[in-house]
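Throughout, read-outs are computed from the coordinates displayed, never taken from laboratory work. Being a predicted model, the structure only gives us computed values, none of them experimental. When we count neighbours, we look across all protein chains shown, and the Cβ atoms used for this are built from the backbone with ideal geometry, even at glycine.
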Amino acid sequence: MSTTGLILGIESSCDETAAAIVSRGSQTLSSVVASQISTHARFGGVVPELASREHLRAILPVVRAAISEANISLADLDAIAVTSGPGLAGALLVGITFAKSLAFALGKPLIAVNHLEGHIHAVLLNQRQQATESNASSDPEENTLALVVSGGHTHLYRATPITANNHLAWHYSLVGRTLDDAAGEAYDKVAKLLGLPYPGGPWIDALARFGDPHAVPFAFAQIKQKLHLVGKTPRTKAAKTAPVANLDPHFLFSFSGIKTAVLRYVELNHLRVSMEDAKLNAESRFARRPETHAEALALCPQISLDLIASFQHAVVGDLLKKTFAAAESLGCTNLLVTGGVAANHELRTRFTAEANARGLQIAFPTFALSTDNAAMIAAAAWPRFVANEFAPLSLSAEPALALGR
Ligand code: KG4
Ligand code: ZN
């Protein structure tokens, strides 16, 4: 195994403190993730202040574990890469401050990585690793469309490899995105409505196979062109970094409607967790939350399982329809699907079947690299390391950092 081009990646943008050592953007020597799920579960979502505190606690042991599992010493590192955004400001700052201190103390270069580019490199890392192992060439695909679908994002990017001065870099252009909630956020909110634990995605994934996906006909409206936004100065930070006015409305997503539709259905059919339950304090409510998928299955009436299956079927169907429409319209023959929701079994099965039917290539990260991790950050840093694209020690957190234009 190569022990050159060693990059320590650090990720702390949300509720996972992660560190990894990756060699030349293609061989993972270690990948350590400390999840804060148990801290946030009581609140049914990430509490930013608690996230920062937990990152502070975890960062040193996690980095030490990554170094020791890789069987290297700090002096062997060639660079330190860290997520600089997007994410929670306080959470990002923990990783950034740690990375800067380490880079300064060791006299090693610092590399800033966009978290969304990291998710894309979770797939590219796999592909480069497989190519290295089988001595095949790993020429980057020209016509690549990437769907980043996670708890914070549902974004479609066209990713183009560019070779300049013998260095490979990637250029991204935004093709579509959600106008409101991310798909993972919808999973988490629907799970919460039904009294399932946080994060809800894996629970819904596990329970959906026991329900009828056609029981509740959820529909997604076609989003209209935001004509009134064309030529206007964007007013919010998010709109500034990723303006929707110039995007084809066929590739825009919206998941807040289905969340409300599920809420109405739950209320009408008394599926929740009644409104009284909602008013109970967190402790007594969570005392009744299931701890295993089998327990959840036993607790869910068939009507809830049908709702869960129908919700998932609709969300995956919408992601699929718009992603493949974008691929067709842009002539993209290679698809990368990544982010926490890319761990979803129905999504993987249906996307793979559709890609096969259309003769397109499709790739996902390994299950471990679908959700937040630092191997993807170290991998995304590799082309920047080769191109000497280093960050200054004045690097700060960019909570609304965009990828591509
Ligand atoms: O990529 P990630 O770890 O963090 C962000 O960058 O947001 O994604 C976390 C999201 C959560 O919303 C979680 O519920 C969802 O990914 N998720 C899933 C599955 N596993 C995680 N959603 C659907 N099916 C899954 N198997
Ligand atoms: Zn993420």
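With unit charges on the beta carbon (Lys/Arg positive, Asp/Glu negative), name the residue among Leu393, Gly195, Ala105 whose Cα is farthest towards the positive pole of the charge dipole of the chain.
About the Cα centre, the residue reaching furthest to the positive side is Leu393.
With a ≥ b ≥ c the root eigenvalues of the C-alpha gyration tensor of the range 120-180, is it rounded (a/c under 1.5), prolate (a/b larger than b/c) or oblate? Walk me through the intermediate numbers first.
Working: a/c = 3.08, a/b = 1.65, b/c = 1.87.
Note, shape of the range 120-180 comes out oblate.
In debye to the nearest 20, how big a dipole does the chain give about its Cα centre with +1 on each Lys and Arg Cβ and -1 on each Asp and Glu Cβ?
Values: 33 positive and 34 negative charges, 186 e Å.
It works out to roughly 900 debye.
In a GNM of the chain with a 10 Å cut-off on Cα contacts, which of Phe311, Phe104, Phe385 has the highest mean-square fluctuation?
Among Phe311, Phe104, Phe385, the largest GNM mean-square fluctuation belongs to Phe104.
If we count every other residue with Cβ under 10 angstrom of Asn373's Cβ, Lys/Arg +1 and Asp/Glu -1, where does the sum land? Don't skip to the end; give the middle numbers.
Details: positive: none; negative: Glu11, Glu16, Asp372.
Combined, the nearby Lys, Arg, Asp and Glu give -3.
To test your reading of the geometry: what angle, between 0 and 90 degrees and rounded to tens, separates the Cα axis of helix 115-133 from the longest principal axis of the chain?
It is inclined by approximately 60 degrees.
Please give the contour-minus-distance gain from Glu267 to Ser254: 0.36 nm per residue of separation, less the Cα-Cα distance, rounded to one decimal in nm. Write out the running numbers ahead of the final one.
On the way: separation 13, 0.36 × 13 = 4.68 nm, distance 2.19 nm.
Length gained between Glu267 and Ser254: 2.5 nm.
Whose amide H sits under 5 Å from the amide H of Leu360, counting only residues 5 or more places off or on another chain, with H placed in the peptide plane?
Sorted by chain and number, the residues that satisfy this come to none at all.
Which of Ala81, Ala402, Ile308 sits closest to the plus end of the dipole of the chain, meaning its Cα is farthest towards the positive end, when Lys and Arg get +1 and Asp and Glu get -1 on the C-beta?
Checking the options against the dipole of the chain, the answer is Ala402.
Label-point separation (nm) for Ile162 and Ser396, each offset 7 Å from Cα along Cα-to-Cβ?
With each label placed 7 Å out from Cα toward Cβ, I get 2.7 nm.
Round to the nearest 10 and give me the degree value, 0 to 90, for the angle of helix 302-330's Cα axis relative to the longest principal axis of the chain.
The angle comes out near 50 degrees.
Output ³J(HN,Hα) for the range 5-15: one whole-Hz value per residue in order, computed from phi by the Karplus curve 6.51 cos²θ - 1.76 cosθ + 1.60 with θ = phi - 60°, and x for Gly and Pro.
Once rounded to whole Hz, the list reads x, 7, 10, 8, x, 10, 10, 8, 6, 9, 10.
If the label point is 7 Å along Cα→Cβ of Ala65, which residues in the range 71-92 have backbone nitrogen under 17 Å from it?
Under cut-off, by backbone N: 71-72.
Around Leu110, under 11 Å between beta carbons, what's the net of Lys plus Arg minus Asp minus Glu among the other residues? Working shown, then result.
Details: positive: Lys100, Lys108, Arg384; negative: Glu389.
Residues near Leu110 contribute +2 overall.
D for the range 325-404, whole µm²/s, Stokes-Einstein with Kirkwood Rh over alpha-carbon pairs at 4 °C and 1.567 mPa s: what number? Show your work: numbers first, answer last.
Numbers: Rh = 15.3 Å.
My calculation gives 85 µm²/s for D.
Taking GluC sites (Glu not before Pro) as exposed when DSSP calls them loop (any state but H, G, I, E, B) and at most 16 other Cβ atoms lie within 10 Å, what is the longest stretch of the chain free of them, the sites themselves excluded? Mind dumping the intermediate values first?
Working: sites that count: Glu142, Glu291, Glu389.
For GluC sites (Glu not before Pro) (loop position, at most 16 other Cβ atoms within 10 Å), the longest site-free span of the chain is 143-290.
What's the angle, to the nearest 10 degrees (0 to 90), between helix 256-268's Cα axis and the longest principal axis of the chain?
30 degrees
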